[in-house]
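Undergrad: Here's a structure for you.
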Amino acid sequence: MLLVLSEEHKEHLGFLTQVDSAVVGEFGRIAVEFLRKGTNPKIYEGAARKLNVSSDVIQHGVEGLTYLLTEGSKLMISEIDFQDSVLVLGFSEELNKLLLQLYLDNRKEIRSILGELAPKLPSYHSLEWRLDVQLASRSLRQQIKPAVTIKLHLDQNGDQTTKILQTDPATLLHLIQQLEQALGEMKTNHCRRIVRNIK
Amino acid sequence: MELSEYVQSGLQILADSGCFSPSAYTVLLQTAFQSLLNAQADQVALDHPVLKHIDPTVLKHCHAAAATCILEAGKHKADKPTISTYLEDCKFDRERIEQFCTEYQKNKDTLEIILGSIGRCPLHVTDVSWRLEYQIKTNQLHKTYRPAYLVTLNVENSDSRSHPDVSFSCTMEQLQDLVGKLKDAAKSLERASQM
């Protein structure tokens with residue numbers, strides 16, 4: 001699968017041919033940093049002054065590069081497809097190799113950043129448990145009522161929440177049985193076949 | 001067992017065969033137990049023909065007294081001698097004491113279950129449901145290809161007013177961790193029960 005680049009996009013990337021490879025490398029580093037932490041317009045101004053061009057040109061260059069990297073990572077395109085996509089820009093052999101290397105080096109990280117954008121439910125973080133025995137209450141004395149108190153740690157969008165739950169021994173065994181069945185499902189032929197065939 | 005003046009006087013009236021004939025006593029006793037144990041029972045039960053000639057205020061007093069006595073006995077898991085002694089002090093005759101104790105013995109277990117279920121506790125897990133999915137892509141990321149579980153713990157509030165179920169997603173490894181910890185808890189429970 002090839003990346004389709006618009007005319008505007010090609011124009012923005014065209015700036016890269018006017019600078020040497022160290023600068024392209026630097027732009028690449030900036031692009032990934034922006035993906036990690038968000039954009040910082042001051043960087044554009046600093047680079048613009050050093051290279052003696054307007055900061056708009058710098059911005060477009062970095063953004064063009066960012067788009068190239070994120071689209072490639074999102075679609076997980078192969079090396080060959082990436083090279084072919086970039087060929088259309090008419091860059092030098094050296095620049096092409098540089099861009100490919102940039103893509104391959106950062107693909108995994110970019111994919112994990114993109115993965116965080118998906119809609120998400122609270123996810124499991126960890127669980128602590130405690131065994132309690134209720135001995136008496138206001139309405140009934142002389143009891144022996146075992147219970148398991150659970151502290152469930154969940155993550156949602158970076159915030160950790162905690163839920164305190166309680167259950168009785170019979171339900172605990174039932175929960176374990178049900179969840180073990182759930183785990184077993186991945187090993188069934190049906191699931192294995194699907195995992196094998198969707199690639 | 002220590003009960004208030006109000007309860008004691010109510011029981012004394014109940015003991016009096018002048019106020020309550022043997023059949024009236026039987027009916028009131030049974031009504032008292034039923035109103036505690038049977039969620040559907042209501043005041044209509046006091047309309048029994050045998051109780052018609054008794055003043056309604058007195059009826060309510062004695063019914064409340066009997067019910068309170070039953071609850072106190074249940075709360076402290078009182079044994080027969082304790083109940084007998086107390087009723088004797090309230091001027092119950094042998095026969096009425098026997099009747100009370102028999103009725104109490106019959107309903108003791110249900111009573112204890114009901115009393116034991118009153119009280120607050122953290123959200124109580126009653127069941128779990130799960131869903132296994134295989135993620136293929138999102139609009140931001142294609143070819144993700146990984147399995148994920150969605151687990152929902154069905155939870156009951158002690159007031160059974162709301163059911164704030166707890167849902168969360170997890171990977172296979174995380175689910176294994178969760179199940180492992182629950183198994184540790186179960187093993188620990190088993191060891192504790194053998195002590």
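The values are calculated or read from the model by the stated rules, or taken from the named source; none is laboratory data. Bear in mind that the values here come from a model prediction, so they are computed numbers and not experimental data. Cβ coordinates were reconstructed from backbone atoms using ideal geometry, including for glycine residues, and neighbour counts include every protein chain displayed. Note: accessible area is taken over every heavy atom of the protein model, side chains too, but ligands, DNA and RNA are not part of it. Shrake-Rupley method; radii C 1.70, N 1.55, O 1.52, S 1.80 Å.
Undergrad: Pick out, from A:M76, A:F34, A:V24, the residue whose Cα sits farthest towards the positive end of the charge dipole of the range A:7-117, with +1 on the Cβ of Lys and Arg and -1 on the Cβ of Asp and Glu.
TA: After comparing all options, I get A:F34.
Undergrad: Quick one: if the Förster radius is 51 Å, what FRET efficiency do A:L183 and B:V58 give, using the C-beta to C-beta distance and rounding to 0.05?
TA: Numbers: r = 65 Å, r/R0 = 1.27.
Working from the Cβ atoms, E equals 0.20.
Undergrad: Structure shown: which of A:K74/A:K120; A:K145/B:K108; A:K37/A:K97; A:K10/A:K42; A:K145/B:K75; A:K10/A:K97 lie over 20 Å apart, alpha-carbon to alpha-carbon?
TA: Numbers: A:K74/A:K120 18 Å; A:K145/B:K108 17 Å; A:K37/A:K97 26 Å; A:K10/A:K42 24 Å; A:K145/B:K75 15 Å; A:K10/A:K97 17 Å.
From A:K74/A:K120; A:K145/B:K108; A:K37/A:K97; A:K10/A:K42; A:K145/B:K75; A:K10/A:K97, over 20 Å: A:K37/A:K97; A:K10/A:K42.
Undergrad: Now, a different point. Taking the range B:79-172, how much of its Cα-Cα pair set, in percent, is spaced more than 18 angstrom apart?
TA: 69
Undergrad: Still on this structure, I have one more. Within 10 Å of each Cβ in B:108-121, how many Cβ atoms from other chains are there, averaged over the peptide? Walk me through the intermediate numbers first.
TA: Values: counts 0, 0, 0, 1, 3, 1, 2, 6, 6, 3, 4, 6, 2, 8.
Neighbouring Cβ atoms belonging to other protein chains average 3 per residue here.
Undergrad: Let me ask you something else. Which order do the peptides B:146-154, B:98-106 come out in when sorted by mean C-beta neighbours inside 10 angstrom, highest first?
TA: Values: B:146-154: 17.6, B:98-106: 15.9.
Peptide ranking by packing, descending: B:146-154, B:98-106.
Undergrad: Now for a different question. Using only the Cα atoms of the range A:49-191, what do you get for the radius of gyration and for Dmax, in Å?
TA: 27.5, 86
Undergrad: So, R0 is 51 Å and r is the distance between the beta-carbons of A:L2 and B:K183; what FRET efficiency does that work out to, to 0.05? Write down the numbers at each step before the final one.
TA: Values: r = 51 Å, r/R0 = 0.99.
Computed FRET efficiency for A:L2 and B:K183: 0.50.
Undergrad: Taking chain A as a Gaussian network, where each spring joins two C-alpha atoms under 10 Å apart, which residue of A:Y124, A:Y103, A:Y44 fluctuates the most?
TA: Among A:Y124, A:Y103, A:Y44, the largest mean-square fluctuation in the Gaussian network model of chain A belongs to A:Y124.
Undergrad: Top to bottom by accessible area (1.4 Å), largest first, where do A:M1, B:M172 land?
TA: Values: A:M1 135, B:M172 40 Å².
In descending accessible area the options line up as A:M1, B:M172.
Undergrad: Right, something else. Once you list every other residue whose beta carbon is under 9 Å from the beta carbon of B:L150, what net charge do they have if Lys and Arg are +1 and Asp and Glu are -1? Walk me through the numbers before you get to the answer.
TA: On the way: positive: B:R131; negative: B:E133.
After counting each charged neighbour, the total is 0.
Undergrad: Using 7 Å Cα-to-Cβ label points, what is the A:R49/A:K151 separation (nm, one decimal)?
TA: Here the modelled spin labels are 5.2 nm apart.
Undergrad: Please give the per residue accessible area of chain A, computed with a probe of 1.4 Å over protein heavy atoms only, in Å². Before the final figure, lay out each step's value.
TA: On the way: 11670 Å² over 199 residues.
Result: 59 Å² per residue.
Undergrad: Please work out the FRET efficiency for the pair B:S167 and B:E2, using the Cβ-Cβ distance as r and a Förster radius of 41 Å; give the result to the nearest 0.05.
TA: Values: r = 48 Å, r/R0 = 1.18.
According to the calculation, E is roughly 0.25.
Undergrad: Show me the trypsin sites (Lys or Arg not before Pro) within the range B:129-195 that DSSP assigns to loop and that have at most 10 other Cβ atoms within 10 Å of their Cβ.
TA: Details: sites: B:R131, B:K137, B:K143, B:R161, B:K181, B:K183, B:K187, B:R191; in loops: B:K137, B:K143, B:R161.
Passing both the DSSP loop test and the Cβ count: B:R161.
Undergrad: If you line up the long axis of helix B:56-75 against the longest principal axis of chain B, both from Cα atoms, how many degrees apart are they, to the nearest 10?
TA: Relative to chain B, helix B:56-75 is tipped by roughly 50 degrees.
Undergrad: Same structure again: Let me spell out the model: positive unit charges on the Cβ of Lys and Arg, negative unit charges on the Cβ of Asp and Glu, origin at the Cα centre of chain B. What dipole size does that give, in debye rounded to 20? Walk me through the numbers on the way to the answer.
TA: Details: 20 positive and 25 negative charges, 207 e Å.
For chain B, the charge dipole is close to 1000 debye.
Undergrad: Enumerate the residues in the range B:111-134 having an amide nitrogen under 12 Å from the point lying 7 Å beyond the Cα of B:N157 toward its Cβ.
TA: B:123-124
Undergrad: Here is a follow-up. So if I average 1/r over every pair of distinct C-alpha atoms in chain B and take the inverse, what Kirkwood radius in Å does that give? Mind showing how you got there, number by number?
TA: Numbers: mean 1/r = 0.0469 Å⁻¹.
So the Kirkwood estimate lands at 21.3 Å.
Undergrad: Across peptide B:131-138, what mean number of C-beta atoms from other chains lies inside 10 Å of a residue's C-beta?
TA: Working: counts 1, 6, 0, 5, 2, 1, 4, 6.
The per-residue average across the peptide is 3.
Undergrad: So, how do all the Cα-to-Cα distances of the protein assembly as shown break down into 20 Å bins, in percent, from 0 on up?
TA: 20, 28, 24, 14, 11, 2
Undergrad: Now for a separate question. Given the options B:L14, B:L29, B:L175, which has the most mean-square fluctuation in a GNM of chain B, springs set between C-alpha atoms less than 10 angstrom apart?
TA: B:L175
Undergrad: Return the tail of the calculated pair distribution for the range A:1-130, meaning the percent of Cα-Cα pairs more than 17 Å apart.
TA: Numbers: 5023 of 8385 pairs.
Beyond 17 Å sits 60 percent of the P(r) for the range A:1-130.
Undergrad: For the range A:58-140, which whole percent of the accessible surface, found with a 1.4 angstrom probe, sits on carbon and sulfur atoms?
TA: Ligands and nucleic acids excluded, carbon and sulfur reach 53 percent.
Undergrad: By how many nm would the segment from B:K108 to B:D16 lengthen if fully extended, with 0.36 nm per residue of separation less the alpha-carbon distance? Let's see the in-between values first.
TA: Details: separation 92, 0.36 × 92 = 33.12 nm, distance 2.53 nm.
Difference between extended and current length: 30.6 nm.
Undergrad: Please build a GNM for chain B, connecting alpha carbons under 10 Å apart, and tell me which residue among B:F92, B:F33, B:F168 fluctuates the most.
TA: B:F168
Undergrad: I would also like to ask the following. Could you compute the net charge surrounding A:E116? Neighbours are other residues with a C-beta less than 12 Å from the C-beta of A:E116; K and R count +1, D and E count -1.
TA: Values: positive: A:R36, A:R111, A:K120; negative: A:E109, A:D155.
Overall, the nearby charge balance is +1.
Undergrad: Give the interface area between chains A and B as buried accessible surface, both sides summed, probe 1.4 Å, in Å² to the nearest 100. Please report the intermediate quantities before stating the final value.
TA: Details: alone 14240 and 13190 Å², together 22380 Å².
Adding both sides of the contact gives about 5100 Å².
Undergrad: Once you put a point 7 Å from the Cα of B:K137 and another 7 Å from the Cα of A:Q18, both along the Cβ direction, what distance in nm separates them?
TA: Each label point is offset 7 Å from its Cα along the Cβ direction, giving 3.6 nm.
Undergrad: Take peptide A:107-119, look around each residue's Cβ out to 10 angstrom, count Cβ atoms belonging to other protein chains, and average those counts. Don't skip to the answer; put the middle values down first.
TA: Numbers: counts 0, 0, 0, 1, 5, 1, 2, 6, 6, 2, 4, 7, 2.
Averaged over the peptide's residues, the number is 3.
Undergrad: Right, next: Taking a virtual spin label 7 Å from the Cα of A:V88 along the C-beta vector, which residues in the range A:3-32 bring their backbone nitrogen under 19 Å of it?
TA: Within reach of a label on A:V88: A:3-17.
Undergrad: If you add up the charges near A:T162, with Lys and Arg at +1 and Asp and Glu at -1, over every other residue whose beta carbon is less than 14 angstrom from its beta carbon, what do you get?
TA: On the way: positive: A:R130, A:K151, A:K163; negative: A:E128, A:D155, A:D159.
Residues close to A:T162 contribute a combined charge of 0.
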